[in-house]
1. From Gly236, Gly263, grab the single residue that is over 15 Å from Val325 (Cβ atoms) and either among the small types (Gly, Ala, Ser) or buried (at least 21 other Cβ atoms within 10 Å of the Cβ) (or both).
2. Identify, from the list Arg617, Arg661, Arg642, Arg597, the residue that is outside any helix (DSSP H, G or I) and basic (Lys, Arg).
3. Lys646 fails exactly one of the following numbered conditions: (1) more than 29 Å from Gly170 (Cα to Cα); (2) surrounded by 16 or more Cβ atoms within 10 Å (Cβ to Cβ); (3) in contact (Cβ under 8 Å) with a residue 12 or more places away in the chain. What is the number of that condition?
4. Determine, yes or no, whether Ile247 is touching a Ser or Thr at 6+ places or on another chain (Cβ under 7 Å), surrounded by fewer than 21 Cβ atoms within 10 Å (Cβ to Cβ) and either modelled with pLDDT of 95 or more or not in a helix (DSSP H, G or I) (or both).
5. For residues in the stretch 305-319 being out of contact with any Leu (no Cβ under 8 Å at 6 or more places or on another chain) and within 24 Å of Lys561 (Cβ to Cβ), which is surrounded by the most Cβ atoms within 10 Å (Cβ to Cβ)?
6. Restricting attention to the stretch 122-129, does a residue exist that is assigned by TED's automatic domain parsing to the domain that holds Met500, farther than 23 Å from Ser488 by Cα and under 23 Å from the mean Cα position of the chain (by Cα)?
7. Has the stretch 519-528 got any residue that is on the phi > 0 side of the Ramachandran plot and either surrounded by fewer than 20 Cβ atoms within 10 Å (Cβ to Cβ) or not assigned by TED's automatic domain parsing to the domain that holds Val21 (or both)?
8. Could you run through the stretch 116-164 and say how many residues are among the hydrophobic types (A, V, I, L, M, F, W, C), in contact with a His (Cβ under 9 Å, 6 or more places away or on another chain) and within 30 Å of Lys561 (Cβ to Cβ)?
Amino acid sequence: MTELEAKIKAKIPGADTGIEVRRSLCAICSPSHHCGVDCYVKDGAIVRVEGTQEHPYNHGKLCTKGSSLRNYVYRADRIKTPLRRVGERGEGAFEPISWDEAYRVIAEKLNTVKEQYSPHAVAFFSGYCKWYRPVFQRFAHVFGSVNFGSDDSTCSAAKAIGDRVTAGSGAGPDMAHANTFLGWNYDGYYSAHLSVQGVQKLKARGGKVIIIDIRDTPAAKNLADRFLQINPGTDGALALGMAKLIIDNGWADLDYVEKYTHGFTEYKALCGQYPLDKVSEITGLKGEDIYEAAKLYATNGPACINYSASALVHHINGFNSHRAVLCLSALTGNFDRAGGNVPNPATYLHKPAGFRTREQEFRTNRYPGGQKRIGAERFPLWDAQFNEFQAMDLLRQLETGDPYPVKAVFALGMNAKMFPQTDRLLEAMKEKLDFFVDTDVFMTTTAQYADIVLPACTSVERGELKAYQGGYLTFTKPVIRPLYESRSDVDILCDLARVMDLDDGLLKQGYKACADWIIEGCGLTVSELEKSEFPVKVPAARWPAVPGKTLENGFKTATGKFEFCATAIADIDPKYGLDPLPSYRDSLEDQNDPQTRQDYPFYLCTGARLPHAIHSRAHETPWLRSLRPFPTCEVNPQDAGRLGLKEGGDVELYSPYGSIRVKVKLTHKIKPGVILMLHGYTEANVNLLIGRDHLDPYSGFPGFKGMRCNIRTVQEG
């Protein structure tokens, strides 16, 4: 019996040797969390999935979502063939067509829009997954359009821009050398599960943990020495109040501030406007708790901070709230210091791995120019700092045609449910577009509005380039053949590049040629990576990042310093009213008139994580859906008792923009006056309740986590 056969028999008693173990990765989560998986394959089908013990990232561990990978791949709503619409848009009536016919129609329709209007009248949009985006963005630019956009318009880009204009780059927590961890919006038990181990190790060696969140989470219960349950949307005020305490009590590292920062005088004056009593009133926290948390962070160093990719920036004051939290690290001398937050630039697809690739050059060196991107006039800071259009302005431009019409959308994995007032966007796409093509794994609400629908395959049915922390790189191999007639997203794009005869030799050569170009210089090639079942250590990698390099060489900002007062924001036309300081404003300031407050007294926070859910795709996966079968909002029992709401009862959740029907879950983990609701449900899309113009003026991000709403019992019959 071979070692492999013994492993199979040990794991699956009674298994025959017709089963093979093949390695791949799970791509259900975001690009930072693609765990290695062992797929047990028999007769061309996956019969079991486990974590890969030898994988340097997850070491055999899988979360709830990863454990459902087989269930995900074999979902009943997989798109099986290319489809052509035969009914009205949104009706869901299609007929199967061949790939050749689909390519012919797409090429013809896109070129027609290009000729009749301009290449910029075609918007290229990417949803999940993100792995193909370098190829897709290059495809859009070679076609001639400036308008490539993605779900980064509501995902992690606002944080990245905040990092860039303040410090020149992002910086991850150096948990191995920290004495204190400030977990701002941190709950590794619900998201980024593998990070919990680092916090546990810090505590085991005597370190301290501060957790700040709007709900009492497992991280607060299991990890926190101090837990601050903050009022939603008030994080910026808390950060400024903590900074005032740090300055007033002599806890700031003024030598660091003097040598490495810009704008401290103005920042100090701003912080002076947030005395403890005022911050306590805004945040709903006790003054002594704020004081002790600020003291612990500032005096028990080195100290690092968890910067949330989305929780903070999903408020209309979120961009500056993130910057205010980030500024604490420089104020205390913890930015680019061992045990603090250490800059570690992304290697590939947002993942730092300690070596450089040419991803950004590949994405943007064919940028056509000649026109402003969608959202450029409305969100100039976003446009100056991020090389995509801001998709939250797509609805306005579709409706008005200003400054030019958008007549076609070519999408991969587009999810209209990520847009506020989803129904308005779908209606505009139905009425204003001459052509819409969508590629997806499953038949989604968005795909039902397409003229052509293309079937994509999943991560276990394709090969994919992926970088990992520790200096690793891999190029996976398919563990099963693509189901039905599905194809890899990158193969679709490269096929179309050939059919349309786009002027790009790399795209025409295919994905592997593109990947080789991107990683050239790292010491490995795609063909060499394919020889290994596991990620390979890259010769050029330097891991972990060495603290102090930014302090030594200068920050990548206009002043070469950490900027409390951001030069890049100060350079924006003053008519936009953007403050270069991390100032605070009410997250509901556009809804604070007395009548709205009376009619909609609750604070609605959407998207609060659950361990088994991530966006729409988890809701339709049977195993995961069984863990919470019905769309459910969470309400404090005090509010429920006052309103007569019962556990499991049906309620209507409504705002000035729409309403949905959901179940009620009573929980003491949130404060009275707050309602939590998970996003992504088709039958109860909470983004119908979010106003289309309820947007952060700095980033364009929607206020998903801050909206006024109300709730009432649904009367049957």
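1. Gly263
2. From the options Arg617, Arg661, Arg642, Arg597, the qualifying one is Arg661.
3. (2)
4. no
5. Filtering the stretch 305-319 for residues that are out of contact with any Leu (no Cβ under 8 Å at 6 or more places or on another chain) and within 24 Å of Lys561 (Cβ to Cβ), the one surrounded by the most Cβ atoms within 10 Å (Cβ to Cβ) comes out as Val313.
6. The answer is no, given that none of the residues of the stretch 122-129 is assigned by TED's automatic domain parsing to the domain that holds Met500, farther than 23 Å from Ser488 by Cα and under 23 Å from the mean Cα position of the chain (by Cα).
7. Yes, the conditions are met somewhere in the stretch 519-528.
8. Residues in the stretch 116-164 being among the hydrophobic types (A, V, I, L, M, F, W, C), in contact with a His (Cβ under 9 Å, 6 or more places away or on another chain) and within 30 Å of Lys561 (Cβ to Cβ): 2 in total.
The values are calculated or read from the model by the stated rules, or taken from the named source; none is laboratory data. Note that the coordinates shown come from a computational prediction; the quantities given were computed from them, not determined experimentally. Here Cβ is always computed from backbone atoms with ideal geometry, including for glycine, and neighbour counts include all displayed protein chains.
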